[in-house]
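Taking it in order: structure first as structure tokens, then the write-up.
The values are calculated or read from the model by the stated rules, or taken from the named source; none is laboratory data. These figures come from a predicted structure and were not determined experimentally. Every residue, glycine among them, receives a Cβ derived from its backbone with ideal geometry; neighbour counts consider all protein chains shown. We work out accessible area using only protein heavy atoms, side chains counted, and drop any ligands, DNA or RNA first. Shrake-Rupley method; radii C 1.70, N 1.55, O 1.52, S 1.80 Å.
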Amino acid sequence: MNGRSTLGALLASATLFTAPLAAQQAGAPAAPGASTAHPDRWPAAKSPDLIDPATEAFVTKLMARMSLEEKVGQMIQADTSAITPEDLRRYPLGSILAGGSSPPLGAPDRSPAAPWVATSQAFGKVAMEQRPGHVPIPLMFGIDAVHGNNNVVGATIFPHNSALGAMRDPDLIRRIGAATAAETAAAGFDWAFGPTLAVPQDDRWGRAFEGYSEDPAVVRSYAGAMVEGLQGRTKASGGGKGPIQQGHVSASVKHFLGDGGTANGIDQGDTQVDEDTLIRIHDAGYPAAVNAGTMTVMASFSSWNGAKMHGNRSLLTDVLKGRMGFNGFVVGDWNGHGQIPGCTNADCPATFNAGLDMAMAPDSWKGLFETTVAAAKDGRIPMARIDDAVRRILRVKAKLGLFDAARPYETRPQAIGSAEHRAVAREAVAKSLVLLKNSGVLPIKASANILVAGDAANDIGRQSGGWTLSWQGDGNTNADFPNGQSIYAGIAEAMKAGGGTATLSADGSFTTKPDVAIVVFGEMPYAEMRGDVRTLEFQPGDKQALDLLKKLKAAGVPTVSVFLSGRPMWVNPEINQSDAFVAAWFPGSEGAGVADVLVGDRSGKARRDFAGKLAFSWPKTAGQFTLNKGTPGYDPLFPFDYGLSYARGGSVPQLAEVAGVDASLGNTSLYFARGQVPAPFKLAADAGVTVAAVDGPQTQEGARQFSWGGQGAVRITGPEIDLTREANADLLLQVTYRVGAAPTGPVTLGFGGGKVDARAIFTPAGSEWRTVRVPLKCFRDKGADVAKVREVFSVTSSAPLRFAVADLRLVTDPAGATCPN
């Protein structure tokens, strides 16, 4: 799902999304009927054990007592950031969720289990009150537990799905699901929004890391196993002991259907394929998940040939509930119903008529409740459809065991981050590592003296990626992972045990030459939208990791690169500078799993061999976005299923270092770094402004100082770029600067034609370097055309001013963001 807090709810409005996405999607309009499925073409499946006489009788009796308002309430889900327990007395909703950055009641979003349990109990208490005119029905509390219960401080964080695909181990997937379920139930939740069964076909997509593989066969092999891990294999009778009493939760396979195939990898975009392709690639995991008993399915934000999935009856009803025999319920994604033509977030009969049973209306729940009641009363939503949706929801609640008040796992906080679960995660880390190159430097002798370098070496948040304690995974520190271990810490532990040493030096500096260096670097954490990229080039325009590798090579230090990413990326220059190169993906909280494979014994004999094989083809150029096994002209650098090992060995010849994409396409977010304005951007200053090179906070002459004698402006411009997605995703302009002389008159900071008052930013003067982050939407509100940006930075002053800039770029981390008046 797109689990955003109320602050981010604006992102999902139909007003913001529909036009920009439509403008960016390639391809001709779909032919009439191209978005209507033919159920007889689809594979058959059947939900096991969800329907039985006892459960149906229990549900029938319950429904006979319910008012229309109570039935509609079951069909609406609200976010904890936008509803209180007291609201349930007037609005008898059936479910709540906590979006990716939504906090528990009265506590910060980064909280341990106890506040989450208290939140669940507070809402549940009101829902189960005995009061006149109210039928007590338990709530379902949902959470995005997508790589462990990643919302709770102290939880085990497993590798993301793109890493797990490299394992080719369905049994381990099942054990990961079981551990995730236990930690989710122990925090008071009933429902995990996962697994994601997308089959990503364009690696530019910001959610590619949520897919197990580009190959439908890998996704198919994992789908049922993860569902069984989350839900268990136990049959539950209506109203009796259910999976929740045994430490299991409901799964929600997602996103039905085609989310991994959108044109140009645009999140929430349009999957422009024929029906046979939709079946062969994108439906691969769903029959197995239904057969394994998934209780819920989440609809996709995306469209199929122009028709939004939240409104596609032929797929939601005719295929999923009909041909596939799915007897659970279909839940929507974050205000996804509001993107259907003719709908708004607060009014959408069409989505329920199409087959959606429960709408995720995080902040729009009150309006949607009222309009849905009205639509049921006037017949726009037939009562038969209302009753079918409610029956499906109550059936799942009964089967899950929610009508049994016993919740034994809520008294087991020791399940969260347990040694047993961490061991499972550590095994997954080790099995998911893919060795791309080894010129003989691996394995490392445990008796050696090594250097561990790179900005991600000692950062558990960086190695965990998005959907970790917040939606985008930003703002985390190692203190937020009391049970976790960084990659450096895991390596240091292994080296100490073998009699060697491991010295941490992020910038690669050393006094005594090490025997070998391990450099940990890669993508910053991200989730959907913010994670969408335009090319697969790593660090376009600012090759900081490459510079570090070159520095170590020049010093004669053998180097092992550990690359963190949610997807394959073009890293040919970095591979060339490395003696060994390991794709570690986003491995999660158990950094020791990396050391288990990289560090051998005292003699250098491997303790554990590499077992991972690429589940995504690795690009030869930065422009190979849709490089998928079996496609015409398939020509990867490393093919699907590639992976070296100590047993198999093998190195890589010198690789071409031409990205294969236009620089203006590759770099749209870095405007100044280390004393340079990277292509395709250029710096210009008016005659009244002087420019001089000065030392930056870390680099000699790594900054530029601008001095005004009077009126004038300095600006950085480039070719026209469309930053609509970036603005909608709350990206920010980040400036690292130092003020030598504060302004004595008006001064503005500009972006895209919009200007904000910057006097407070440049006041007072001082010797320290500062960082300011201004959301792009602030400039948009001041007139910036974010769809046609040429000027990415400007400062205009009418009076003397002096400041220096050391770094200028777009970022995702909202910490300390300001929108100047």
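A few comments on the model shown:
- Three-way shape label, the stretch 736-777, alpha-carbon gyration tensor, a/c 1.5: oblate
- Inverse mean reciprocal Cα-Cα distance (Kirkwood Rh) of the stretch 179-297, Å: 14.8 Å
- For the stretch 745-810, the extents of the C-alpha atoms along the principal axes are 37, 24, 16 Å, listed from largest to smallest.
- Partner aspartates and glutamates for residue 777 [C-alpha distance under 20 Å; skip if fewer than 8 residues away on the same chain]: 267, 474, 528, 532, 720, 722, 726, 730, 757, 785, 791, 813
- Kirkwood radius, the stretch 48-175, all distinct C-alpha pairs, inverse of mean reciprocal distance: 17.0 Å.
- Rounded to 0.05, the FRET efficiency of the residue 493 and residue 641 pair, given R0 = 35 Å and the Cβ-Cβ distance, is 0.60.
- For the chain, the relative contact order comes to 13 percent (Cα pairs under 8 Å, sequence separation of at least 6).
- MRE, 222 nm, helices only [DSSP H, n ≥ 4, -39500 (n - 2.57), over the chain, to nearest 500]: -7000 deg cm²/dmol
- The alpha carbons of the stretch 235-318 occupy a box of 46, 22, 20 Å along the principal axes, longest dimension given first.
- Modelled this way, with points 7 Å down the Cα-to-C-beta line, the labels at residue 763 and residue 280 are 6.6 nm from one another.
- Taking amide H as placed 1.01 Å from N in the peptide plane, the amide H of residue 793 sits under 5 Å from that of 716, 752, each at least 5 places away or on another chain.
- In order along the stretch 436-447, phi translates into HN-Hα couplings of 8, 8, 8, 8, x, 7, 9, x, 8, 5, 5, 8 Hz, rounded to whole numbers, per the Karplus curve 6.51 cos²θ - 1.76 cosθ + 1.60 with θ = phi - 60° and x for Gly and Pro.
- Helix 216-231 vs. the chain, principal-axis angle (Cα, 0 to 90°, nearest 10): 60 degrees
- Rough spin-label spacing in nm, given labels placed 7 Å along Cα→Cβ, for residue 607 and residue 447: 1.6 nm
- Pairwise FRET efficiency - residue 217 versus residue 387, Cβ, R0 = 30 Å, nearest 0.05: 0.15
- Scattering profile of the chain at q = 0.05, 0.07, 0.08, 0.11 Å⁻¹ [log10 I(q)/I(0), Debye over alpha-carbon scatterers]: -0.26, -0.52, -0.68, -1.25
- At full extension, residue 701 and residue 61 could sit 222.7 nm farther apart than now, given 0.36 nm per residue minus the alpha carbon distance.
- Ignoring aspartates and glutamates fewer than eight residues from residue 437 along the same chain, the ones with Cα atoms less than 20 angstrom from its Cα are 515, 523, 537, 547, 574, 579, 596, 609, 635, 641, 657.
- Computed from Cα positions, the angle between helix 113-127 and the longest principal axis of the chain comes to roughly 30 degrees.
- J(HN,Hα) series, the stretch 497-505, from Karplus relation 6.51 cos²θ - 1.76 cosθ + 1.60, nearest Hz, glycine and proline x: 5, x, x, x, 9, 9, 9, 8, 8
- Between the Cα long axis of helix 383-400 and the first principal axis of the chain there is an angle of about 70°, rounded to the nearest 10.
- Mean separation of Cα contacts under 8 Å (6+ apart) over length of the stretch 420-505, as relative contact order %: 37 percent
- Taking the charge dipole of the chain about its Cα centre, with +1 at Lys and Arg Cβ atoms and -1 at Asp and Glu Cβ atoms, the residue from 820, 483, 314 reaching farthest to the positive side is 483.
- Square roots of 5 times each gyration tensor eigenvalue, C-alpha, the stretch 91-132, largest first, Å: 22, 12, 7
- For the stretch 517-564, the extents of the C-alpha atoms along the principal axes are 41, 19, 12 Å, listed from largest to smallest.
- Fully extended contour minus Cα-Cα distance, from residue 770 to residue 651, at 0.36 nm per residue: 38.4 nm
- Förster radius 22 Å - calculated FRET efficiency between residue 121 and residue 84, Cβ distance, rounded to 0.05: 0.95
- For the chain, with all protein chains in place and a probe radius of 1.4 Å, 52% of the accessible heavy-atom surface sits on carbon or sulfur.
- Once the Cα gyration tensor of the stretch 150-225 is diagonalised, semi-axes √(5λ) in Å: 23, 14, 10
- Space enclosed by the convex hull of the alpha-carbon atoms of the stretch 252-372, per residue, Å³: 92 Å³
- In the full protein context, the chain carries 33 Å² of accessible surface per residue, based on a 1.4 Å probe and ignoring ligands, DNA and RNA.
- Scattering curve values for the stretch 478-601, log₁₀ I(q)/I(0), Debye with Cα scatterers, q = 0.23 Å⁻¹: -1.50
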